[in-house]
Structure formats: C-alpha cells, structure tokens
Amino acid sequence: VDVFQAWCGPCKPVVNLFQKIKNEVGSDLLHFAVAEADSIDALEKYRGQCEPVFLFYTGGELVAVVRGADAPLLQKTILKQL
C-alpha cells in the first residue's frame with residue numbers, strides 16, 4: 001500500500017516498478033493499492049510526512065514498511081515477501 005498525503009499525492013514513479021514486478025511474478029501474488037493517510041483513521045501515524053511510505057501486508061498482517069521511494073529497497077522487500 002502506497003500511503004500518501006493529499007497535498008503531495010501517491011508516488012507515481014513507483015507504480016512502474018510494481019507493474020514490472022507484478023508482470024514478472026504473476027498477477028495473483030502481488031496487489032498494489034494507494035491510500036490517503038488524511039482520510040483513513042488507521043493511517044493517522046503516517047500523516048504530515050513528506051516522504052512516501054509503503055506498507056506490505058501478508059494475510060491481512062503488516063509484515064514490512066519501507067519509507068521513501070528507494071526503488072532497489074522496494075524491489076528487494078517485495079521479492080522477499082513473495
């Protein structure tokens with residue numbers, strides 16, 4: 001989940017990375033979503049930050065968090081979680 005602030009929007013460059021990985025591993029294993037922290041109470045702790053935050057869930061549980069649009073770290077985290 002790409003958690004973003006309304007004033008800066010979701011991290012669009014990372015969408016291409018997720019799409020590339022999703023094409024490589026198959027559409028059933030990886031799902032990408034965006035969520036505006038200002039409109040979701042459960043994301044309150046991520047409000048007011050100027051860097052994107054990526055939350056990784058497996059079976060409904062948070063398993064990893066990546067702060068910042070670090071493409072190599074995001075790719076490594078995604079592949080590790082898959």
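Observations, loosely collected:
- Crossing angle, helix 71-81 versus the chain [Cα axis fit, 0-90 degrees, rounded to tens]: 70
- With contributions of -39500 (n - 2.57) from each DSSP H run of at least four residues, the per-residue ellipticity at 222 nm computed over the chain stands at -9500 deg cm²/dmol.
- Percent accessible area from carbon and sulfur atoms, the chain, protein chains only, probe 1.4 Å: 53
- When both the stretch 14-33 and the stretch 41-65 are represented by their alpha-carbon centers, they are found 18 Å apart.
- Spacing of the two label points (7 Å from each Cα toward its C-beta) at residue 82 and residue 61, in nm: 2.2
- Subtracting the Cα-Cα distance of residue 70 and residue 51 from their residue separation scaled by 0.36 nm leaves 5.8 nm.
- In the chain, lysine pairs with alpha-carbon atoms under 17 angstrom apart (chain gap of 8 or more, or interchain): 6
- Annotation: per residue accessible area for the chain equals 63 Å², rounded to a whole number [probe 1.4 Å, protein chains only].
The values are calculated or read from the model by the stated rules, or taken from the named source; none is laboratory data. The model shown is predicted, which means the values in this text are computed figures rather than measured ones. Note that each Cβ is placed from the backbone with ideal geometry, even for glycine, and that neighbours are counted across all protein chains shown. Each accessible area value is taken on the protein alone, full model and side chains, heavy atoms only, with ligands, DNA and RNA left out. Shrake-Rupley method; radii C 1.70, N 1.55, O 1.52, S 1.80 Å.
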